[in-house]
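To start, the structure itself, in structure tokens.
The values are calculated or read from the model by the stated rules, or taken from the named source; none is laboratory data. For clarity, every value in this text was computed on a predicted model and none was experimentally measured. A quick note on method: Cβ atoms are made from the backbone with ideal geometry, for glycine too, and the neighbour counts reach across all protein chains shown. Ligands, DNA and RNA are stripped out before the accessible areas are found, and what is left, the full protein with its side chains, is counted by its heavy atoms. Shrake-Rupley method; radii C 1.70, N 1.55, O 1.52, S 1.80 Å.
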Amino acid sequence: MTTQGIGPERAQWLRLRTLVLLRWLAVLGQLAALLVAGQVFHILLPGGLSYLVVGSAVIANLVSMYLFPGNKRLGETEALATLTFDLAQLSLLLLLTGGLTNPFALLILAPVTVSALALDLRATMFLGALAIVFVTGMGLFHVPLRDASGAELQVPDLFRFGYWLSLVIGIVFMGLYSRRIATEMRSMADALLATQMALAREQKLTDLGGVVAAA
């Protein structure tokens, strides 16, 4: 007996409301990081461009909330487009704020992990490859961080290479690990659903047998 086709499609597990909430949390975190870096640590940042990038996420959320109901289940293409936007927005903000010298570059793992949990293999491979391209680009080209005196904050090349390598390995590992766990959970859910359907059929046959015997 096969359970194929019993469960919903992989992307249909994602609600728009979930991604909108995660994006709001990301926006609050990004704004807090920009304010603390500028006001507390007096790091010179391209403030206008940085806030414009954060504003693009706010606009995307408002448009999504206006056009679609919050309980909308996203299709494969819609979910991939949403996660691709989040990945590009975060990468652009990191590029403007130090690239791999920014410790928050670790957050680039988040969209890939969500994709591995909710989307199919091709979508996850695409998003993972795109994340690696963005991480590599940030390592080569970025706006350097500067202190209040205008001096560039230097990070040893060995540390930068190690951070790049750890992010690449993290993208691959978290993608594979999250996908494996999600696949096993869905297999168990499908098996449970198949068992419930079989028991329901047996119950109907038993009830029908009782009716025939009574007749």
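Values as computed for the structure displayed
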| quantity | calculated |
| --- | --- |
| Gln196 paired with Val172, simple spin-label distance in nm, labels 7 Å along Cα-to-beta-carbon | 3.9 |
| Loop-located chymotrypsin sites (Phe, Trp or Tyr not before Pro) in the stretch 64-139 whose Cβ has at most 13 other Cβ within 10 Å (DSSP) | none |
| 0 to 90° range, to nearest 10: angle between helix 47-67 axis and the chain longest Cα axis | 20 |
| Solvent exposure ordering (accessible area, 1.4 Å, most first) of Arg23, Arg180, Arg146 | Arg180, Arg146, Arg23 |
| Accessible surface of Phe141 - all protein chains present, 1.4 Å probe, nearest 10 Å² | 140 |
| For the stretch 1-142, convex hull of alpha carbons as volume per residue, Å³ | 107 |
| For the chain, size of Cβ-based charge dipole, Lys and Arg +1, Asp and Glu -1, in debye | 260 |
| Leu95 accessible area, 1.4 Å probe, all protein chains in place, Å² to nearest 10 | 60 |
| Prolate/oblate/rounded call for the stretch 56-205, Cα gyration tensor, a/c under 1.5 rounded | prolate |
| Helix axis angle, 121-140 relative to the chain longest principal axis, alpha carbon, degrees | 10 |
| Charge-dipole axis of the chain as Lys and Arg at +1 and Asp and Glu at -1 on Cβ define it, positive-most pick from Thr113, Val172, Ala151 | Thr113 |
| Helix 76-96 axis, angle to the chain major axis (alpha carbon atoms, nearest 10°) | 20 |
| Per residue accessible area of the stretch 104-204, 1.4 Å probe, in Å² | 62 |
| Carbon and sulfur %, accessible surface of the chain computed with the full protein complex present, 1.4 Å | 73 |
| Residue among Thr97, Leu62, Met138 farthest towards the positive dipole end of the chain, charges placed on Cβ | Leu62 |
